[in-house]
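One structure below.
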Amino acid sequence: MKQIVVASGKGGTGKTSIVASFASLTKAVFTDCDVDAPNLHLILKPEIIEKIPYEGMEVAEINEEECIKCGACQKACRFGAIENFMVTEEKCEGCGVCMLVCPVNAIEMKKRVNGYVHVANTRFGEFVYGLLIPGEEASGKLVALVRQKAKEIAERKDKNLIIIDAPAGIGCPVIASLSGTDLAVIIAEPTMAAIHDMERILEVAEHFKVKAVVCINKYDINEEMTKKIEEYCRERGIEIIGKIPFNRKFTEAMVKGKNIVEYDKELADLMKEIWKKVEDMISQK
Amino acid sequence: MIITVASGKGGVGKTTVAVNLAIATGATIYDCDVEEPNANIFLKVNLQKIEDVFLMNPVFDLNKCTFCRECAEFCRYHAIAVLPSDILFFPELCSGCGGCKIVCKHDAIEEGKRKIGEIYHGKNEIEIYQGLLNIGEARATPVINQLKKHVDKKGIAILDAPPGNGCPAIETMHGSDFVILVTEPTPFGLHDLKIAVDIVRKFNIPFGVIINRYGIGDDSVEKYCNGEGIEILMKIPYSREIAELYSKGIPFVKEIKEWRKKFVELYEAIK
């Protein structure tokens, strides 16, 4: 089974629009691993068949009646999560040190649901996506669960491809989305900020030994910058699998809840060419 | 005053708003998007590294270790595996909580430290602090946390948040006096804005919305804000000129003078 991740470093470069268009072009299990701001479901319009609660790290809870206000927990907590003998849940990393040091056993670690994994059917086939409850932590673990579920479904349904829509950035949920995949498609944009971010995500892919290719979106908003991306990639032997022009039809399609392949014939042909390249790269491996 | 510029969705213009607002008001910028810091691409300040960011890491003394497994059993991150005569440690899973050292009865664990990022500072017409997470490191929040220790509440501090609604974004907005949520008028923008609104409401931070690329997409963001009683602080129209300036790394208040006034008015309205 092969896994392709679509990532970018910078947000808003078009990851989700591109993943959504791939859904029209191949039979795969699709996943949205941008668990704190998922968008792919807005285009794929899933019919949810299973909603699995996800329990992340536990959170400390201080029993006020038993607490003797000695301050041992506050002193021991490395995350500044305890102030005035109360736990700031967003800061708690669930390590359990406070419970360990409490002399009167006034602290308990409580399980709680941090989010959900949704298993769904769409007009393109199976789709798995995670959704973190707003303000909850440990999204990397939820990403791992989404990917594990997608793998199970792919095996059961005899599909040999999983396509992963990754979040922006290079930290925990991105690493969880990217590690162990067969190919990273990096969506770049010809702006100074996006080039900087592309360079960092390419380094992350290299660090985790994932082969990366680049697709330049909105390439015509600054052709000089596009040349810079092309030069950068050529120097490093990174293939550019396609260049997509800026076109308002992408936003129009999104507003109508469609992908660009469904919405516009000309852009559909371009996406088919790009997908063909991705497919070739994957089968070469 | 601490103002965080955040958004659920990435690429909607957080850095654009943060940088233009800082230039118009003379504020200090803190680039808390430590995974992909972009503010200085627009400010072009000569940055100097002022600090490293370390996470505490256990160092095992195998001469004292009895391989009793207590540390591994305590560690909720599964960062320690105890073999019959060796210890395997997975630094990327370690949160640096220090619990293993506390549970060890044999004094076999010392604390070492591992560098996960850096803090930079620089100043020309604008002062900027920036955090940078090392490639391959998962935990952005300790870098953001250390960066925020430099925040000077007496002046105007603008915190440029990372995208998303996860821990790094929450760590950034914690303790802010006001949050500006930037969005774009599209279904994706609206969906992620709603999650961000849930979060700022949960933390009781006063907030308002800026709609960037106004004119693309639809009117669902405006309808949502009006229905929820959320103030729309500013609308930045989609314009080829603004997009081109952005692509070159030029803050548009420098080129389009009437916008400088609008950003000053924005600050007055927030204050």
Item to complete: Please give the helix B:257-270 orientation as an angle from the longest Cα principal axis of chain B, in degrees from 0 to 90, rounded to the nearest 10.
Response: 60 degrees
Worksheet item: Say each of B:Cys68 and B:Lys248 gets a label point 7 Å from the Cα, pointing the same way as Cα to Cβ; how far apart are those two points in nm?
Response: 6.8 nm
Practice prompt. May I ask you to compute the full-extension gain from B:Phe203 to B:Ile232, defined as 0.36 nm times their residue separation minus their alpha-carbon distance, rounded to one decimal in nm?
Written response: 8.5 nm
Worksheet item: Taking the Cβ of B:Ile87 as the center, what net charge do the other residues with Cβ under 14 Å away carry, scoring Lys and Arg +1 and Asp and Glu -1?
Response: -2
Discussion item. Need one value for A:25-34: mean number of C-beta atoms belonging to other chains within 10 Å of its residues' C-beta atoms.
Written reply: 1
Discussion item. Using a loss threshold of 10 Å², tell me which positions in segment A:216-250 are less accessible in the complex than in their chain alone. Probe radius 1.4 Å, ligands and nucleic acids ignored.
Written reply: A:Asp220, A:Ile221, A:Asn222, A:Met225, A:Phe246, A:Arg248
Response to the item:
With -39,500 (n - 2.57) per DSSP H segment of 4 or more residues and division by the full residue count of chain B, the 222 nm estimate, nearest 500 deg cm²/dmol, is -9000 deg cm²/dmol
Response to the item:
Result for interface chain A to chain B, accessible surface buried in total, 1.4 Å probe, Å² to 100, stands at 5000 Å²
Worksheet item: With the solvent-accessible surface defined on protein heavy atoms using a 1.4 Å probe, which residues belonging to segment B:20-46 display a reduction of at least 30 Å² in accessible area in the multichain context relative to the isolated chain?
Response: B:Glu35, B:Glu36, B:Asn38, B:Ile41
Response to the item:
Karplus ³J(HN,Hα) for segment B:53-66 (6.51 cos²θ - 1.76 cosθ + 1.60, θ = phi - 60°; Hz, whole; x = Gly/Pro) runs 10, 10, 10, 6, 9, x, 10, 9, 9, 5, 6, 8, 5, 9
Worksheet item: Points 7 angstrom from Cα along the Cβ direction at A:Val255 and B:Phe90: gap in nanometres?
Response: 4.7 nm
Practice prompt. With r as the distance between the Cβ atoms of A:Asn105 and B:Gln48 and R0 = 41 Å, compute the FRET efficiency 1/(1 + (r/R0)^6) and round to 0.05.
Written response: 0.25
Item to complete: Would you pull out the residues with amide H under 5 Å of A:Tyr54's amide H, same chain only if 5 or more places away, H placed 1.01 Å from N?
Response: A:Asn114, A:Gly115, A:Tyr116, A:Val117
Worksheet item: How large, in percent, is the carbon and sulfur part of the accessible surface of the protein assembly as shown at a probe radius of 1.4 Å?
Response: 48 percent
Worksheet, complete the sentence: Residues of segment A:156-200 with backbone N under 18 Å of the label point set 7 Å from the Cα of A:Glu231 along Cα→Cβ are A:189-200
Response to the item:
At R0 = 51 Å the Cβ-Cβ FRET efficiency linking A:Glu64 and A:Glu224, nearest 0.05, sits at 0.25
Item to complete: Compare each residue of segment B:153-179 in its chain alone against the assembly with all protein chains, and report those whose accessible area goes down by 10 Å² or more; 1.4 Å probe, heavy atoms.
Response: B:Pro163, B:Gly164, B:Asn165, B:Gly166, B:Cys167, B:Ile170, B:Glu171, B:His174
Worksheet entry | segment A:29-69 shape via C-alpha gyration tensor axes, a/c threshold 1.5 | prolate
Response to the item:
Phi-derived 3J(HN,Hα) across segment B:15-31 with the Karplus relation (6.51, -1.76, 1.60, θ = phi - 60°), rounded Hz, x for Gly and Pro, is 5, 4, 5, 4, 5, 5, 5, 5, 5, 5, 10, x, 6, 9, 9, 10, 7
Response to the item:
Sorted by chain and then number, the residues having a modelled amide H within less than 5 Å of the amide H of B:Ile50, at least 5 places away or on another chain, are B:Ile119, B:Tyr120, B:His121
Response to the item:
Placing each pseudo-label 7 Å from Cα in the direction of the beta carbon, A:Lys75 and B:Lys257 end up separated by a distance in nanometres of 6.3 nm
Practice prompt. Any cysteines in chain B with zero other Cys Cβ atoms under 4.7 Å from their Cβ? List them, or say none.
Written response: B:Cys32, B:Cys65, B:Cys68, B:Cys75, B:Cys94, B:Cys104, B:Cys167, B:Cys225
Fill in: Residues of segment B:55-115: accessible area per residue with a 1.4 Å probe, Å²
55 Å²
Worksheet item: R0 = 25 Å: FRET efficiency of B:Asp61 with B:Lys115, Cβ-based, nearest 0.05?
Response: 0.70
Worksheet entry | Within segment A:162-191: backbone nitrogen closer than 16 Å to the A:Glu203 label point (7 Å, Cα to C-beta) | A:169-172, A:175
Worksheet item: Residue separation times 0.36 nm, minus the C-alpha to C-alpha distance between A:Lys27 and A:Glu55: what's the value?
Response: 7.0 nm
Worksheet item: How large is ³J(HN,Hα) for each residue in segment A:50-58, as worked out from phi by the Karplus curve 6.51 cos²θ - 1.76 cosθ + 1.60 (θ = phi - 60°), to whole Hz, x for Gly and Pro?
Response: 8, 10, 9, x, 10, 9, x, 5, 6
Response to the item:
Lys and Arg at +1, Asp and Glu at -1: neighbours of B:Tyr214 with Cβ under 12 Å from its Cβ sum to -2
Worksheet item: Could you give the accessible area per residue of chain A, probe 1.4 Å, as a whole number in Å²?
Response: 42 Å²
Item to complete: For A:Glu239, list long-range residues whose amide hydrogen, built 1.01 Å from N in the peptide plane, is under 5 Å from its own amide hydrogen.
Response: A:Val214
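The values are calculated or read from the model by the stated rules, or taken from the named source; none is laboratory data. All values derive from a computational prediction rather than experimental measurement. Counting neighbours? That spans all protein chains shown, and the Cβs are built from the backbone with ideal geometry, glycine included. Ligands, DNA and RNA are excluded from the accessible area calculation, which covers all protein heavy atoms including side chains. Shrake-Rupley method; radii C 1.70, N 1.55, O 1.52, S 1.80 Å.
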